[in-house]
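Read-outs: derived from the displayed coordinates by stated rules, not from any lab. These figures come from a predicted structure and were not determined experimentally. So basically every Cβ, Gly included, is an ideal-geometry build from the backbone, and we count neighbours across all protein chains shown.
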Amino acid sequence: MSSIMVVTEHRNRALADVSYQVLSKGRQLADQAKVELLAVVVGSELHAYAKELARWADRVLAVKSHRLEEPLAEPYQRVIAHLIEERKPGIVLMGHSSFAMDLVPPLSVELGAPLATDCVDIFWHDSRVLVTRPIYNGKVNATYSFAQSETVLITGRVGEFPVEEANRQGQIEEIEFAFEEEFDYKKFEGWREAEAGSVDITQAEILVSVGRGIKEKKNLEMFEELAELLGGVVSCSRPIVDYGWLPSERQVGLSGKTVQPKLYLGLGISGAFQHMVGMKGAKMTIAINKDAKAPIFSVANYGIVDDVLKVVPALVDKISELTE
Amino acid sequence: MDIIACIKRVPDTSEADVVKIDPSQRDIEKGRLVFKINDWDEYVLEAAVQLKEKLSGTLTTVTVGPKDWDEVLRRALAMGADSAIRIDQDVSADDPHTVAIILKKAIQRLPYDLVLFGAQSEDFSSGQLGATVAEMLGIPHATLVTGLEAEVGKVHVQRELEAGTLQSYTIELPALLTIHTGINQPRYISMGGIRRAMQKELQVVSLHDLDLSPETLAPMVRLEKLELPPKGKEAELISGAPEEAAGQLAKRLKDAGIF
């Protein structure tokens, strides 16, 4: 193996957080194997990104083309495939983002390269790379090896790899890429940012957050009552929005809002990582869930293992008594 | 419009208190787990049925698995699928690439304008199967679709990204989409629907029928070991009956100055 390649992403004039995270992991793996770390950035106007990436990477490949201004996975796939065939990195690393989900599986097929997605650990074992990924709702960790291949593709879970500051001055290679094909079978129509909505849960000091465990929409009432008693607001996990019980502006997590309240009550929420990424900044977390193995208990200060629909009415009563 | 919906059956581990690794160290003990249709695939079926109702055409649903997997196909038939195909192969220990090869072979033999997958599965959650099959079929794709409208020859889709940001695309057919939860409200299945579904025939296809053999399906990724996740920080648990636990919690919240 001659190198490890990290493919980065940027939006709204900033590199994605997950790109810094996998870049740090890539740096570590490259140092351990004593190989070069390549960072790839693709688009137009790349200078600032390239300079930033050069703090971690030995070499930054900044690939420019007007075709790369739009978020279309297909031209990116051509570019990355070309770079991999040319540079032959042993590992290609990317964040497990919505963009990677569109891009990396087809890349794996095109290159005939093995792929493991959404990994929480990536490590050397007898000069082979192994990965660990959670399966079965995070209740089991599975460690995988790859079939013999010049290159393997790995995507790393968001929030899983700490960013280690670096201060290198890697070389920057500017590459112009000309496409031989049109991508007229797929046309990008535009972005839409999440709407602000009437309630801003990111500003709330106390969040009464509900999940699947509340069972029915009409049960929301008792949680609204609890929120009102505590001077907080009701937020939720993804299923509650999917069911149409609360608007998406109330959703906490990867595809919703990131919150840092003083108190986070996770009620009937099991704590899928997509949810926990959005609430781990809470100063105090209390979880009520009937599943004692629910991952949310691992980030909670206090927990009650029971049915929220039984505990919450009692909690409303007790708080009312104590406030009188 | 001819649609193919690929669905799977998964063990429900979301509230399973005890998930144990079986003695082989290659899988979990599934004996006491309840199996169900993958969450994402309910949204796949609803999206497919809605398109069929609007634009007519055929809806074929496909799964890969042993006999018990028929139950998710029956569900699909009850929701409105015209036909159901089960590829009779236990792939629960296979990597997504292997499953993709099998599905590609099955899909190629069928008429289709649109192929739908769930954006991910609840059990292995790789989120890679649909886009892998799209590349193998040589058709365009979009993953994580939360909005879908079809017209002759093309689809308008909306993808959901991080922090609720949406992207829109127009994609020419044939195409493959992976469907995210929340795109629709899956319909309730009536008893009548289930009864009618029981009378429809399921096609069972072998690997041999697809010109495949187990030897041609070399895995790209191999399972080395399974482990229970390391115990992290544990919450201080408040025990007792609901009233008692609630009382203690209320007191702690008061002590912490919450109210």
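What the table shows:
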quantity	calculated
Of all DSSP beta bridges in chain B, antiparallel share, percent nearest 5	40 percent
Within the stretch A:142-242, trypsin sites (Lys or Arg not before Pro) in DSSP loop having at most 15 other beta-carbon neighbours inside 10 Å	A:R168, A:K215
Listed peptides B:3-15, B:205-217 by packing density, highest first (mean Cβ within 10 Å)	B:3-15, B:205-217
Inter-chain shielding of B:126-137 (mean C-beta neighbours from other protein chains, 10 Å cut-off)	6
Most to least packed among A:61-69, B:131-139, B:230-238, B:61-69 [average Cβ atoms within 10 Å]	B:131-139, B:61-69, A:61-69, B:230-238
Rounded, prolate or oblate (a/c below 1.5 giving rounded, otherwise prolate when a/b exceeds b/c) for the stretch A:201-323 by Cα gyration tensor	rounded
Test item: B:184-190 mean partner chain Cβ contacts at 10 Å	1
Helix axis angle, B:96-108 relative to chain B longest principal axis, alpha carbon, degrees	30 degrees
Candidate lysines for bridging to A:K34, where Cα separation is under 18 Å - those fewer than 8 sequence places away on the same chain excluded	A:K25, A:K88
Extreme residue, positive dipole direction of the protein assembly as shown, given options B:T13, A:I201, A:L254 (C-beta unit charges)	B:T13
Distance from the stretch A:115-139 to the stretch B:31-72 (C-alpha centre basis), Å	29 Å
Shape of the protein assembly as shown, Cα gyration tensor, a/c cut at 1.5	oblate
Rounded, prolate or oblate (a/c below 1.5 giving rounded, otherwise prolate when a/b exceeds b/c) for chain A by Cα gyration tensor	prolate
Diffusion coefficient, µm² s⁻¹, Stokes-Einstein with Kirkwood Rh over alpha-carbon pairs of the stretch B:10-53 at 20 °C and 1.002 mPa s	171 µm²/s
Spherically averaged projected area in nm², based on the convex hull that wraps the Cα atoms of the stretch A:126-284	16.1 nm²
Förster-model FRET efficiency, 45 Å R0, A:K51 and A:V199, C-beta, rounded to 0.05	0.65
Normalised contact order of chain B, rounded percent, pairs of Cα under 8 Å and 6 or more residues apart	22 percent
Peptide A:107-113 - average C-beta neighbours from other chains (10 Å radius)	4
Unit charges on C-beta of K, R, D, E only; dipole of the stretch B:1-57, Debye	180 debye
Of the GluC sites (Glu not before Pro) in the stretch A:190-271, those whose Cβ has at most 15 other Cβ within 10 Å and which sit in DSSP loop	A:E193, A:E195, A:E205, A:E216
Leading residue at positive end of dipole, the stretch B:115-161 (Cβ point charges), from B:T146, B:H156, B:L116	B:H156
Kyte-Doolittle mean at least -1.0 and Cα axial length at least 18 Å: DSSP H helices in chain A	A:17-33, A:73-87, A:98-111, A:308-323
Net charge of Cβ neighbours under 10 Å - reference A:M284; Lys, Arg +1; Asp, Glu -1	+3
Estimated dipole of the stretch A:201-323 in Debye, rounded to 20 [Cβ of Lys and Arg +1, of Asp and Glu -1, Cα centre]	440 debye
Relative contact order, percent, chain A [alpha-carbon distance under 8 Å, six or more residues apart]	14 percent
Unit charges on C-beta of K, R, D, E only; dipole of the stretch B:3-216, Debye	620 debye
Alpha-carbon centroids, the stretch A:6-30 and the stretch A:142-218: separation in whole Å	11 Å
Euclidean distance between Cα centres, the stretch B:77-124 to the stretch B:154-178, Å	20 Å
